[in-house]
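Derivation of every value follows stated rules applied to the coordinates shown; laboratory data play no part. These numbers come from a predicted model, not from an experiment. As a convention, Cβ positions derive from the backbone with ideal geometry for all residues, glycine included, and neighbour counts pool all protein chains shown.
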Amino acid sequence: MNCISKASYVVLVALLIIFCPNLSKGYSGADQEAQKSAEQQQDTEYSEEEYNAYTAAVNDPDPLKSGALMIEFVQKYPKSKLMEYVDKGYSALLFKCSENKKYQELETLADQWLKIHPKDKQAIAYKASAANQLGHDEICVQCMIELYEMQPSGDVAYEIYQKYSKMKNMAKSLEWIDKVYSYPEYAGAYELHWDLAQKYLESKNFPKASEHCQLTLRSIEAAKLTDPMAQEQARKVRRACLHIIGVNQVDAGKFADAIKTFQLALKAERYGDAYFYIGLCQWKLGNVDEAIDSFAKAEILGGDSKARAKEHLETLFKSQHYNTLVGIDKVYKRAKDALGQ
């Protein structure tokens, strides 16, 4: 679910579909329907002056001028029988700007309409989508919050979280991720906590990264994945989370816990760095023979810790063999046998 591309798609499509129920009519359909209805009632419902003002507004080819004329109509004829058609005409105008990707005009028009109709969900959704395309992130997220308050949903909460994540507003991201997980359909959305875990990792906040890794693992369990590709992706994330948790436990001096965590990581994927940290913990706990075997496995499997594993292995082996490496080949053979190599 990561991603800005998905956020853009949902903001432009999902929000408009949810909050603009008449979107499928299109510009011409809504506009023509409103004008036809107005013409049919012209003789009895309103004055010629009102009708001319209305037609001038909806037929002006310049979207900003058309919008300004409709706003002027609303202000001049607040009780006009044509008001419902002006509403439809303005909605059609917003749709046309959206379809033609005139986002600056769309944002301006939606903002102007909201000054006289502040609770118009359709206009707020259009303003959000326009602001999103223009890179006006603060405007976009505030519009989405307004929509959420009017019609709470997990999908909108998720998009708000994604927007704050893009804005690198960690405090707000955490606030909205809690709202997202309050919806049952997002209980298994482990990507959200995994995304935060990586951000904390980048900032070298290992305790927080570990905390969100724990939450990621919990969400993976709740996901109950059946698709093979999804299961494989979850397996990789699970291994990465367990590794981060294990390293944090090592840094905290919780060596016995770290060994258990890395053993779980090895069930998800066999890799050298896990054996290196297991060896390190065994060494710290005074289990030198076990540490020697673990360092040998780490060196054989390779990885970022390969050189350090070799160094520690030789140091420990020499400490038990009169400062020589005679017989270390037996250690490597034992490790290979254990690894099935």
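Odds and ends about this structure:
- Calculated P(r) of segment 187-267 - Cα pairs past 22 Å, %: 21 percent
- Relative contact order [Cα under 8 Å, 6+ residues apart], the chain, whole percent: 10 percent
- A simple charge model with +1 on the Cβ of Lys and Arg, -1 on the Cβ of Asp and Glu and nothing else charged puts the dipole of the chain at about 1920 debye relative to its Cα centre.
- 23 Å Cα-Cα reach of K199 towards lysines, excluding residues that sit fewer than 8 places from it in its own chain: K6, K163, K166, K168, K172, K179, K208, K236
- Rg(Cα)/(2.2 N^0.38 Å) for the chain, N = residue count: 1.54
- Whichever aspartates and glutamates have a C-alpha closer than 15 Å to that of K336, once near sequence neighbours (fewer than 8 apart) are set aside: E290, D293, E299
- Dipole axis of the chain (+1 Lys, Arg; -1 Asp, Glu on Cβ), positive-most option in M70, A222, C97: A222
- Cβ-based charge dipole, the chain, positive-most Cα from A291, T108, S165: A291
- Packing here is the average count of other Cβ atoms within 10 Å per residue, and on that basis the peptides 220-232, 179-191, highest first, run 179-191, 220-232.
- Protection-proxy order for peptides 332-341, 65-74, 158-167, 96-105, each taking the mean of Cβ atoms within 10 Å per residue, highest first: 158-167, 65-74, 96-105, 332-341
- Taking only the alpha carbons of segment 205-312, we obtain Rg and Dmax values of 14.4, 44 Å in that order.
- Within segment 187-267: Cβ-based charge dipole about Cα centre, in debye rounded to nearest 20 (Lys, Arg +1; Asp, Glu -1): 180 debye
- Positive dipole terminus of the chain, leading residue within M83, W194, N52 (C-beta point charges): W194
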